[in-house]
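Okay, structure first, notes after.
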Amino acid sequence: MELSAKYNPSEVEDKWYAYWLENKFFHSEPDEREPYTIVIPPPNVTGILHMGHVLNNTLNDVLIRKARMDGKNACWVPGTDHASIATESKVVAKLKDMGLRKEEIGREKFLEYAWEWKEEHGGIILQQLRKLGASCDWDRTRFTMEPALTEAVLATFCHFYRKGWIYRGVRMVNWDPEALTAVSDDEVIHRDTKSHFYHLRYYISDGNGNPTDKYLVIATTRPETIMADAAICVNPNDERHRSLRGKKVLIPLINREIPVIEDDYVEMDFGTGCLKVTPAHDVHDYEIGLRHNLPVIDIIDDHGRLNEKAQILVGQDRFEARKNIVALLQESGNLEKVEEYTSPVGYSERTNAVIEPKLSAQWFLKMSDLAADALDAVESGRIKFIPDKYRNTYRHWMENAHDWCISRQLWWGQRIPAYYLPGGQIVVEETPEKALEAARKIDSTLCASDLKQDEDVLDTWFSSWLWPISVFDPQFPGHPERTPNPDLTYYYPTNDLVTGPDIIFFWVARMIMAGGEFMAEVPFRNVYFTGIVRDKLGRKMSKTLGNSPNPLDLIEKYGADAVRLGMLLCSSAGNDILYDESQIEQGRNFCGKIWNSWRLVSGWTVSPTAKQSDCSRIAVKWFDSLLLRTIAAVEDHYSKFRISDALMAVYKLFWDDYCSWYLELVKPAFGEAVDSATYKATVDFFEKLLKLIHPIMPFITEELWQAMSERKTGETIMYQRTPEIGQVDGTLLDNFDLVREAVNSIRGIRAQKQISPKLSLDIFYEGKLAPELFPVMEKAANVGAFREGNAEGAAVSFLVGTVKFSVPLAGFINEDEEKLKLSEELEHQMKFLAGVRAKLSNEKFVAHAPEAVVALEKKKESDALARIESLRAALSTMN
RNA sequence: GGGAGCUUAGCUCAGUUGGUUUAGAGCGUCUGCCUUACAAGCAGAGGGUCGGGGGUUCGACUCCCUCAGCUCCCACCA
């Protein structure tokens, strides 16, 4: 087949992806083979592909394609996440454009819109993944909020409720006044924010609610909350405030009387040493309040506005109120001074609203037992983290895990299956029918309309933590009495998980918990943490910076294979990726190289009668061994998840060894034909190389694999086996390296001395050199003759290993310089030898070191001796 | 404040119980080549006292101490 002069990815990619789909090559069913399973980290259903996805899914795809070619039953389950907050806020925004508010249209109508939106925009990202070449089993596509998975979520909720691990409690939560929901601690980002420190005077009461002329000063950043104050707190050891003991003070503006209390929590040397305690609006204050039995006065509503309890500024937004109250305090003479102050402020990860600490009733899941098991799974090595350093982070978190607040004040998500009876009792059941049944046991007169279901939905992670289980058998989790279906039995536990370290607690840890709870088995064996994709200046990709390229544009411009290689090039596990388009260019160039090399080989005419030259024969033998050795190295890299090392090994094998050396050695001269033995070997090597490259660059390898020979329909490189590891001729490889180094030196000398590469020279050598490599040497270095012995007259000499080469070059050589170099080398070798011998004569070393290590030292010793010999010999010939 | 990690060539990174690595790769740079597969290419070259200082050792990028700088996580003094 004639190849076009240039590789055109866009022509090729759609064709092969369609072919793969058509033949169901991605589909997997349980069978007798060993399974290899990955579940996709489900992207947000309404998300669009960004560079992080590209990195993550490229890695996933490389692993799954590799496993497939290793003969495993490879299954990669795709799907999407309903992403409560993110999706709901998008729908809310859309409704706003339509002039609607969710509260106006009600829950049911809102969910209709939301589903509509999901149908319209949902799953775009999965289509985009196909462009990247992702070989997911699309027949198994799942969605965390599809009916079956929702059932699983509700069943597990009931399971934990019955177990007594789920409880309802009033807690200080992180309230997002924009999204109108509580968010978990992990979803709050603390940023240093400039604000002010307001010093306020609280006058001491005379006992009858009237101010005296004495006052104390507190410092606060939130003057708008003073109306919710329940006490003023000082440190019991603070001498300055002795006189305040047992006194009461008056809240400015509203003149409510509050006590002065003492608590160790207050730092004496911070601020004025007096702390206003506002239990409703600060976590620590809440805790102080509990200790001192203080009333909780909540003056801020869900939207972040002051309510009636505030008495003043009612209805104003908290920030507006802050501005206004400062003016009032100024007027009333309670404002002593204002300082500039920078303090960390919590922001909502989703909406970027300032988080309001708020007391509310929420559902919690007890973590202690779950966390202990999940910690053990990693500590015991049943789950491996790559890189290992994340184990520390993980341990630290697991040992301090707080109970998980699982309720969210949203509508898009799984609604909590708790039902309130008119008498205040709660029943928790998977369906309204079952709930009614349970309720009637309490009160037989109840009917369906008497039950009020909890308004909240569950945290999204409460469904995605089941992902590795529920994608296979949604009927199983939460029902220990059932038997898992064949899919779950066969595919669980999955093998590898590739994800970002940012969700190690959100998702990874919780999947491990769910796995332990419902399967009594870890959900995966290895977790490969990618880094965060940044731009080349090290900044995070962001819309506002405009530094985030659209992956689809890149695929369009360079081809999916190029994008994949570009992402992988610089991605060692756990390190952030500094994205640079030049890496993708490198990928494109590699495609071009592969393409052109096949254009060369496929263009050769083969002569059945021609005899194989010595040079070609050795070249074939050499590359065969090199290929085998590289395959072993690549396997080793994959087994340690060193994907970029595996990639680089293959890249260099193809480019430097196959193209630059092997093909140059066997390439027939212009107008001549290649002998059939060499041709066959060359084509065979090429095919093996394609197979090695395929997991990384699926499209171009399929295209060329199909092009290089007649293939039957239904055949694909995807299911070819990884080339096998075999016996490597190490001596040949070493000798060849010697030749290569010598040739490079000769080329260097030629370039330096400006001798035309076309001018044939005689090269002399002294020392041991495998004679079978002479033909290679002669061809590669364009040497007229290759002779043992000493060059007569002036020559440039250089050592390669223990062999001394000389290139005769009248008038160009500086013998003193050469001598100096050789003497330095000799000195170093002597020193080194002494070191090795010292170690060998060290009894402790010989007694304790493994045999192989001692053998290595002995080899080093003899190598050094040989080297010293030849150096001395070389030096003596110079005089 | 607590913890973890990082610092090696212009850039991005390897460096595997301390020794043939008197430090390697890819990209970039420079020089010479439009040589009939490929200029998105070929052939060469240059470039690092391995963050600073100290120590252990025959020998340190590797181990220990110390200082400096960077990153991340956790916790948040109102």
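The values are calculated or read from the model by the stated rules, or taken from the named source; none is laboratory data. The shown structure was predicted, so the numbers you read here are calculated from the model rather than taken from an experiment. Neighbour counts are summed over all protein chains in view; Cβ atoms, including those assigned to glycine, are modelled from backbone coordinates with ideal geometry. These accessible areas exclude ligands, DNA and RNA; they are computed on the full protein's heavy atoms, side chains included. Shrake-Rupley method; radii C 1.70, N 1.55, O 1.52, S 1.80 Å.
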- Once you have the Cα-Cα distance between A:Asp14 and A:Arg162, take 0.36 nm times their residue separation minus that, and quote the gain in nm to one decimal. 48.1 nm
- Pull up all non-local amide H partners of A:Ala418: gap of 5 or more, or a different chain, and H-to-H distance under 5 Å with H placed in the peptide plane. A:Asp454
- Can you give the extra length, in nm with one decimal, that the chain gains between A:Glu108 and A:Glu308 once fully stretched, where that is 0.36 nm per residue apart less the Cα-Cα distance? 68.9 nm
- Query: Under a plain spin-label model, where a point goes 7 Å from the Cα along Cα-to-Cβ, how far apart in nm are A:His284 and A:His196?
  - Reply: 2.3 nm
- Estimated [θ] at 222 nm from DSSP helical runs (n ≥ 4, -39500 (n - 2.57)) normalised by residues in chain A, nearest 500: -13000 deg cm²/dmol
- Going highest first, how would you order A:323-334, A:705-716, A:455-466 by mean Cβ packing within 10 Å? A:455-466, A:323-334, A:705-716
- Item | Surface share of carbon and sulfur [accessible, 1.4 angstrom probe, percent] for chain A | 50 percent
- Query: If you put +1 on each Lys and Arg Cβ and -1 on each Asp and Glu Cβ, how big is the dipole of region A:487-611 around its Cα centre, in Debye rounded to 20?
  - Reply: 520 debye
- Query: Taking +1 at the Cβ of each Lys and Arg and -1 at the Cβ of each Asp and Glu, which of A:Pro477, A:Ser449, A:Phe462 sits farthest along the dipole of region A:444-493 towards its positive end, judged by Cα position relative to the Cα centre?
  - Reply: A:Pro477
- Item | Debye, to nearest 20: dipole size of region A:272-328, +1 on Lys, Arg Cβ, -1 on Asp, Glu Cβ | 220 debye
- Query: A:Phe319 versus A:Ala5, label points 7 Å from Cα toward the beta carbon: distance in nm?
  - Reply: 6.1 nm
- Message: Taking 8 Å as the Cα distance limit and 6 or more residues as the minimum spacing, I'd like the relative contact order of chain A as a percentage.
- Response: 12 percent
- Unit-weight point scatterers at every alpha-carbon of region A:29-68, Debye formula, q = 0.22, 0.34 1/Å: log10 I(q)/I(0) is -0.78, -1.20
- Item | Helix axis angle, A:318-332 relative to chain A longest principal axis, alpha carbon, degrees | 50 degrees
- What is region A:395-455's relative contact order, in percent, from Cα pairs under 8 angstrom and six or more apart in sequence? 34 percent
- Query: Once phi is turned into ³J(HN,Hα) by the Karplus curve 6.51 cos²θ - 1.76 cosθ + 1.60 with θ = phi - 60°, what whole-Hz value does each residue of region A:585-591 show in order, with x for glycine and proline?
  - Reply: 4, 4, x, 4, 4, 5, 4
- Item | Long-range amide H partners of A:Val249 with built H, under 5 Å | A:Ser205, A:Ile258, A:Val260
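Dipole size in debye (nearest 20) for region A:568-648 around its Cα centre, Lys and Arg Cβ +1, Asp and Glu Cβ -1?
Working: 9 positive and 9 negative charges, 105 e Å.
The dipole of region A:568-648 has a size of about 500 debye.
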- Message: What does the net charge come to around A:Tyr492 if you take all other residues with beta carbon closer than 11 Å to its beta carbon, with K and R at +1 and D and E at -1?
- Response: -3
- Nearest 0.05, what FRET efficiency do A:Ala785 and A:Trp397 give at R0 = 56 Å with Cβ-Cβ as r? 0.20
- Query: Projected area of region A:219-258, taken from the Cα convex hull and averaged over every viewing direction, in nm²?
  - Reply: 3.2 nm²
- Just tell me which lysines come within less than 16 Å, Cα to Cα, of A:Lys358; anything on the same chain fewer than 8 places away is out. A:Lys309
- Task: Beta carbons within 10 angstrom, averaged per residue: use that to sort the peptides A:103-116, A:288-301, A:512-525, A:441-454, highest first.
- Result: A:512-525, A:288-301, A:103-116, A:441-454
- Message: Please give me the summed charge of the neighbours of A:Ala371: other residues whose Cβ is under 11 Å from its Cβ, Lys and Arg +1, Asp and Glu -1.
- Response: -2
- For region A:494-597, the fraction of alpha-carbon pairs in successive 10 Å shells from zero, as %: 14, 33, 28, 19, 6, 0
- Task: Using label points projected 7 Å from each Cα along Cα→Cβ, tell me how many nm separate A:Trp655 and A:Arg101, to one decimal.
- Result: 6.0 nm
- Listed pairs A:Lys536/A:Lys557; A:Lys131/A:Lys712; A:Lys90/A:Lys540; A:Lys667/A:Lys779; A:Lys214/A:Lys248; A:Lys6/A:Lys557 exceeding 18 Å between Cα atoms: A:Lys536/A:Lys557; A:Lys131/A:Lys712; A:Lys90/A:Lys540
- Query: Under 22 Å Cα-Cα from A:Lys163, which lysines qualify once same-chain neighbours fewer than 8 residues away are excluded?
  - Reply: A:Lys366, A:Lys434, A:Lys441
- Message: List the residues, sorted by chain then number, that are 5 or more residues from A:Ala231 or on another chain and whose placed amide H is less than 5 Å from its amide H.
- Response: A:Val277
- Message: Between helix A:560-569 and chain A, what is the angle of the helix's C-alpha long axis to the longest principal axis, kept within 0 to 90° and rounded to the nearest 10?
- Response: 90 degrees
- Note on the structure: Among A:Asn255, A:Ser870, A:Phe364, the residue whose Cα sits farthest towards the positive end of the charge dipole of chain A, when +1 is placed on the Cβ of each Lys and Arg and -1 on the Cβ of each Asp and Glu, is A:Ser870
- Can you grab the distance from the C-alpha centre of region A:66-137 to the C-alpha centre of region A:292-348, Å, no decimals? 40 Å
- Phi to ³J(HN,Hα) by Karplus 6.51 cos²θ - 1.76 cosθ + 1.60 over region A:79-95, Hz, x for Gly, Pro: x, 10, 10, 6, 6, 2, 5, 4, 5, 4, 5, 5, 5, 4, 5, 5, 4
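Restricting everything to alpha-carbon atoms, can you work out Rg to Rh for region A:658-808 with a Kirkwood hydrodynamic radius?
1.09
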- Provide the three semi-axes, in whole Å and in decreasing order, of the ellipsoid equivalent to chain A as defined by the square roots of 5 times the Cα gyration tensor eigenvalues. 69, 37, 25
- Per 10 Å bin, what percent of the C-alpha pairs of region A:1-131 does each bin hold, from zero upward? 10, 29, 27, 19, 11, 3, 0
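Kirkwood Rh over Cα pairs of region A:7-58 into Stokes-Einstein at 37 °C, 0.692 mPa s: D in µm²/s? Walk me through the intermediate numbers first.
On the way: Rh = 14.2 Å.
Stokes-Einstein gives a translational diffusion coefficient of 231 µm²/s.
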- What the Cα atoms of region A:85-148 span along the principal axes, largest first and in whole Å, is 44, 26, 17
- Between the Cα axis of helix A:51-69 and the main Cα principal axis of chain A, the angle (0 to 90°, nearest 10) is 50 degrees
- Message: Quick check: residue separation of A:Asn526 and A:Arg837 times 0.36 nm, minus the Cα distance between them. What number comes out in nm?
- Response: 107.7 nm
- Message: With 18 Å as the cut-off, how large is the P(r) tail for region A:287-347, expressed as percent of Cα-Cα pairs?
- Response: 55 percent
- Message: So the label point goes 7 Å from the Cα of A:Lys712 along Cα→C-beta, right? Which residues of region A:1-31 then have their backbone N under 17 Å from it?
- Response: A:23-25
